[in-house]
1. Quick one: A:LYS31, B:LYS237, B:LYS268, E:LYS44, fewest Cβ neighbours within 10 Å first, how do they rank?
2. Please give, to one decimal in nm, the separation of the simple spin-label points placed at B:THR2 and A:MET184, each 7 Å out from Cα toward the Cβ.
3. Put a dot 7 Å past each Cα toward the Cβ at E:LEU68 and A:LEU92; how far apart are the dots in nm?
4. For region A:7-80, just say rounded, prolate or oblate: build the C-alpha gyration tensor, square-root its eigenvalues into a ≥ b ≥ c, call rounded for a/c under 1.5, and beyond that prolate if a/b exceeds b/c, oblate if not.
5. Determine the shielding of peptide A:205-212 by partner chains: average, over its residues, the number of Cβ atoms on other chains within 10 angstrom of each Cβ.
6. List E:PHE65, A:PHE298 from most exposed to least, where exposure is judged by having the fewest other Cβ atoms within 10 Å.
7. Helix C:3-24 against the longest principal axis of chain C: what's the angle in degrees, Cα atoms only, rounded to the nearest 10?
8. Mind giving me the nanometre distance, one decimal, between the label points for A:ARG232 and D:ASP59, set 7 Å out from Cα along Cα→Cβ?
Amino acid sequence: MAAEVQVFDAVLVVLLLWLGWRALASADLFKAVVQFIVFGLLLSLAWVRLGAPDVALAEAAIGAGLAGALLLDTLARLGRSGAADEARPLGLTPARTGIALAALGLAALLVASALALPERWPGLAEPALQQLRASGVSNPVTATLLNYRAWDTLLEVGVLMLAVLGVWILEAEPALPRPAPDPMLGLLLRVLLPLTVIVAGYLLWVGAHAPGGAFQGAALLAAGGVLWHLARPLSLGPSPVVRAVVVLGFAVFLAVGVATAVLGGGLLTFPPEHAGAIILVIEAAAMLSIALIMVALFVGRERAPSDAGIPDSAADASAVPGAPNPGAAP
Amino acid sequence: MTGSAALVTVLVVPLAGAVAALLAGRRGAVAAGLLTSALGVAAAFVLAGAVLAGGMQRVAVGGWAVPLGIELRADGLAAAMLLMTAVIGAGIAVYAWRYFGAAGHHDPHDLAAGPPGPAGKAAPASTQWLFWPVWLLAWGALNALYLSGDLFNLYVTLELLGLAAVALVALAGAGAAAAALRYLLLTLLGSMLYILGVELLYAAHQTMDLLQLRERLQPGLSVWLAAALMTTGLLVKTAIFPLHFWLPPAHGSAPAPVSAALSALVVKAGFYLLARLWLDLFGALPGAGVVPALLGALGACAVLWGGVQALRQTRLKAMIAYSTVAQLGYLMIALLLASGAGGAAAGAAGGAMHAGRDPGLPPTGGFVGKFALVEAAVRAGAWWAVAVVLAGSLLAAAFLFHALSRAFADAPADKTSAEVPAAPQLAALALALVAVALAAAGEPLRRLLTVGAAT
Amino acid sequence: MSLALLYGLAGIALVAMGLYAALAARHVLRRLLGLNVLGSGVFMMLVALASRTTGIATRPDPVPHAMVLTGIVVAVSATALGLALLRRMHAHDGSPRLPEDRDAGSP
Amino acid sequence: MPEWMTPALWIAAAAVLGTIALGLVRVERGPSNGDRMLAAQLLGTGAVAVLLLLARATDAPALLDVALVLALLACVAGAVFVRRIGVQPPERDEGRGPTRATEDGS
Amino acid sequence: MSGDDVRGALSLLLIAAGMLFFLAGSVGVLRLPDLLSRLHALTKADNLGLGLVVLGLMLQADDAFEVLRLLLVWLLVLFASSVACYLVARSALRAHGDAPTAAPEGPDEDTRDGR
């Protein structure tokens, strides 16, 4: 990993900062969202330059996949009135100068503390690498996530579950008019979905000894699920089957934790000889759950047009944009 | 059952209950919730007993030593908070059992606990039962938070708690979406500031374990900046006086059991972390006395301002929300006195005051808490604290009697008071009795709090 | 100017931008984007910090990488929930802003 | 491989980053949302190229997997855009160019 | 000039050619007058630009598995990009009504829009 600064890094940092600002300050929210998606792309390049390929994989899978899809879908549902914003959304008004000063002050203090860092900074690299043999995997990041700090990752899967429970709790949203099935999207799905599943399985498997892992695989699968929903709409409400898969990853992780506490040495203490297999089982279950959760977050809960659910008091049907008029001659 | 086994049980029971509730679906979720509550209370009592007998319980998750691994620790304060959370949680579970209805098809107007927020219509009955998995995950997050000794792990538990609280507030239907969204934005901002502080501490001392950090802590720009960022982040999440504006609308529009859960439990977690940081970690820094003093002052303002606002409220739930803001003020004062005159006295005050919402009249636990607080204040010579606490108590008494008087007055013609089913009344009564019991049981609680107290 | 310092400073700049936008913006989608940029800034500081060990250990410190991966998951979950709430609020109240930010001028 | 190859690859990567910067100008200016979406498409390809060059320059085969993921997801944003929002003629009026829901029958 | 040097030079030549097409694609996207012609320029950068870079890198690949992955990446980008461009073009056609009349906006006219 070339640790010294290249011309490449200077250009990348300038682009990142310019894009970061434009993604926040562009008056047209659609432009802001597109710039945010590209910001995610360049951010994964930054993770690569800093020697964090695992993080780069996750950023790429999330940024190019789910995050972009969620933002664009929300913009569409907000419609014209919702997506409109003031001409200078972050313009410096008297009220905002306080915030600006606070942000700049914080930045100055952070710079000072960054400059004060000792030249030699060992971090926890050595202990993590020494214990690697007993962790059951040879990729130190996967070892940290699934063994050293497995308790964090278990709660993190809980956070994902809560997000989808939150979406389910909200009432069904007014349904977008269903565009006609699109043969081209169908082709896209037929070609990409099998490949996505294969590569996701590959990432899950390779995660043990090289950058990859359950979360990156799940984010990829989720993007496949997004394409599926676009081509052939899914409904992922809290039905028994969907709930079972959503809770699968968390339940398997917790069950393994309890089993190791009762039988073995303690909560989430994996015997070194079986650690690799246990981690793979947990990751496989987590990948399926996280993938379905992410697709459910994108699909949300739409009230079928015929559903006689509780009508919205602010039934501003005009705000809901029509997708491109269906049935137009291709 | 050894101490560490009790600790693991306390952690796992709510999470396993959430899995069961989610799998059980609408029909079985209530049963799963009630069963988990019972088991959880039992586990919390066993753990408290183990801590009283055997001192601080420690579990290194995965067998990895700190700083690489995460260590879970149960000292006196943590055990007391777990006990209190379990007991109040059980009360909320019973109340929610009736409020959300056994079969989940709950009629928002069948209870006199005030209409569920301005929306007037709760989330559709089909998703009301999701209260149970979300509430159990929130309880699991609280237990994980009280037991965690690792700063980044605390960040994950705070997020889990935050999202659960947002989902609970959203239960009140579309009208509560704005309140839930405001709460989500602020709690995310609080978490970001908190994790920025954790990053600075990790940069300075290459560890995220609280005890290890306390040994290695040297005053410096990074450490002071980290302390400031983490404190600000937690102040936002705990709705302490200047940053409390998200609390009343979030509670006001939430269903009764949710607003009880939010004000009694969720908001206190942020305060617990502040206490943990300033008593255990940053308190050791030279000249660190200034921050608790500032927090104490904020607490005083919260007590007075919260009390006045509560008086002006017309809706019961809004009054409770502002009384929560006031009550947090007492805790901040307790934190200040704790950092000064020994953790135990004020810890006891804090613990006792959690139990109930009562103004601290003689028979109740609240009184014990306030008395201990005044006693600590007198010993520390902080006369202003004494004045504030007394004034606060008067205000609290005023707005509570204001509410009670309305209850005894004859109902105005147009308002028909719906008949309240037995269970919620019993749950509320039980919690009040617990508050009274605390008055009697003050001594063992005080001893519990001294176990493993840092100072 | 080492690699870690360059990206560390870039991370700090993103933190400042994100913090300003998260507080100053009035459209909730923009505030959510601000929180995401703020998160990316903090994560960049963490990963830049981790890359400081390349001189000593054979590879960067994996612990901050694991923290950032967890942070990315938490951020995407919270953003998804936030966007769902935003859609709900807009459908119910007719405005993409929080009540205190709505004024007569814009919706 | 000859020793001058690595610096050459770094220069190539920086050059592709330069073309990405050009693409960003179109994202910034692009009058209609369709322009912005196609520019984002171009930048996705640029990022894939940079990753392939870096994989060779820093001898890290793992970056090929990152490029593979980006290649697989290159069309997701575009598909969501087309399906949910659709191309709209650029706004003629001054100031904001808000996304306009496609009027039916345009 | 040893065998390696020849292969290195050829590889670099291909990569440089790829750069040219990337540049052409980007400039095209910037300068061409309307959406549909920009789409045309975009595809150049994708298939030829990336294709040549991939070809150049294949010469330097360590093993067959790397060559395979490089090829797969290129084919995927080719496929995904062409489908996306088709979708955007069709959507543009719908938005502009029937034939894509060249919108009367030259590159200079864009300055009005750039805030």
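1. E:LYS44, A:LYS31, B:LYS268, B:LYS237
2. 6.5 nm
3. With each label placed 7 Å out from Cα toward Cβ, I get 5.8 nm.
4. oblate
5. 2
6. Sorted ascending by nearby Cβ count, the order is E:PHE65, A:PHE298.
7. Rounded to the nearest ten degrees, it is 10.
8. 4.8 nm
Every read-out reported here was derived from the displayed coordinates using simple, explicitly stated rules and does not represent laboratory data. Just so you know, these numbers come straight off a predicted model, no measurement behind them. So basically every Cβ, Gly included, is an ideal-geometry build from the backbone, and we count neighbours across all protein chains shown.
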